[in-house]
Amino acid sequence: MSLTDILSPSDIAAALRDCQAPDSFSPKKFFQISGMSKKSSSQLKEIFRILDNDQSGFIEEDELKYFLQRFECGARVLTTSETKTFLAAADHDGDGKIGAEGIDYFKYR
C-alpha cells in the first residue's frame with residue numbers, strides 16, 4: 001500500500017507546494033491540505049505505518065526530518081526547527097519519538 005492509495009495525489013502535491021520554503025512547514029496545515037485531517041484513525045495508522053521507515057512502531061527525529069520526502073522523493077528535508085516543533089507537538093510522553101497516536105493528534109488540533 002502507498003500513500004496515494006489513501007490520499008489524493010493532487011492533495012499531496014498541493015500540501016507539498018504549500019511548504020516548499022524552509023521553515024514554512026506546519027503539521028496542522030499539511031494535514032489539512034493533504035486530506036489527512038479528514039481520514040479515520042485506522043487510515044491515519046496506515047499512513048503512520050507507511051511513514052515509519054524502519055517499522056519500529058515510532059517515528060524518531062531522524063525519520064521525521066525526511067517526512068515530506070515520504071510523500072514525494074524530491075521534496076525538501078524539514079529544517080531542524082521544523083523537525084523539533086513537529087516532534088514536540090506530537091510526542092505526548094516526551095520520549096523523543098512519535099507513536100501512531102501522535103499522528104492522530106493533528107486531526108483534532
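The values are calculated or read from the model by the stated rules, or taken from the named source; none is laboratory data. Computed from a prediction, not measured in an experiment: that's the story for all the values here. What goes into the accessible areas is simple: the full protein's heavy atoms, side chains included, and nothing from ligands, DNA or RNA. Shrake-Rupley method; radii C 1.70, N 1.55, O 1.52, S 1.80 Å.
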Of the accessible area of the chain, computed with a 1.4 Å probe and all protein chains kept, carbon and sulfur make up a percent value of 48 percent
Distant alpha-carbon pairs in the chain (separation over 16 angstrom), percent: 54 percent
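For the chain, what is the accessible area per residue in Å² when the probe is 1.4 Å?
Values: 5680 Å² over 109 residues.
Result: 52 Å² per residue.
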Using just the helices of the chain, give the 222 nm mean residue ellipticity in deg cm²/dmol: DSSP H runs with n ≥ 4 each add -39,500 (n - 2.57), and the total is spread over all residues, rounded to 500. -13500 deg cm²/dmol
